[in-house]
Amino acid sequence: MNFAIAKLYLFRRTYLLWMTQWGSEKLGRDGLSAEEILRYFYKNIEFKEAKAVYGNPESFPGYSIKIGNEGAAVRTIQEQLNRISQSYPLIPKVPSNGVFGEKTEEAIKVFQKVFYLAPDGVVGKATWYKLSEIYVAVTQIASLM
C-alpha cells in the first residue's frame, strides 16, 4: 500500500466514523445499550452524573388547568409565574395558594401574550411547557450542573 492510500485509509478510520441513524439502530437491534452505542462511535465520551437535581420543573399533568382548579399543579404554575415576573415585570404576581382564581387567570393571559400563545387564560400543554421553559431560563437551572 503506498503512502497516499495508507494516509487516506487512516483518515477515514480515524475521522469518518460518526454516529448515524441506521448504524446506531443496528447496534440497538444487536442488543447494545444506549451508552454502549455512544461509546462505539465516540471513544472518549464521558458520562457524568449529578448528585442531586433541584428545581426541576414538573411534567404536564395531562389536563388543562383553569379557573376553579386547585392543588399542587396550580401552585407550581403560580410559583413559576411569580419567579418569571421578576424578569418580565409585565406579568403580574399572583398569590401562591394553589387556587386558580381570576388573578392567576389574568397573569396567565399576560404570560401567553408576552410569549405569543393564544391568550385564553387556560394552562394547556403548550402554556405549561412554555412556563417551564421560561422558568428554567430565568432561574438558570440548566447551568447549575
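The values are calculated or read from the model by the stated rules, or taken from the named source; none is laboratory data. What you see is a predicted model, and the numbers here were worked out from it, not measured in a lab. Because the Cβ atoms are built from the backbone with ideal geometry, glycine has one as well, and the counts that use them run over all protein chains shown.
Out of Ser96, Ser59, one residue alone is in contact with a Lys or Arg (Cβ under 7 Å, 6 or more places away or on another chain) and part of a loop (DSSP other than H, G, I, E, B). It is Ser96. Is it true that Leu17 is at pLDDT 85 or above, of a type in the set (A, V, I, L, M) and farther than 29 Å from Thr127 by Cβ? Criteria not met by Leu17. Does Val136 satisfy the condition of being within 30 Å of Phe47 (Cβ to Cβ), β-branched (Val, Ile, Thr) and in contact (Cβ under 8 Å) with a residue 12 or more places away in the chain? Here the answer is yes, as Val136 does meet what is asked.
Pairs meeting the criteria (first residue in the stretch 41-66 and under 30 Å from Thr20 (Cβ atoms) and surrounded by fewer than 10 Cβ atoms within 10 Å (Cβ to Cβ), second residue at pLDDT 60 or above and of a type in the set (Val, Ile, Thr), beta carbons under 9 Å, at least 6 apart or on different chains) are lacking.
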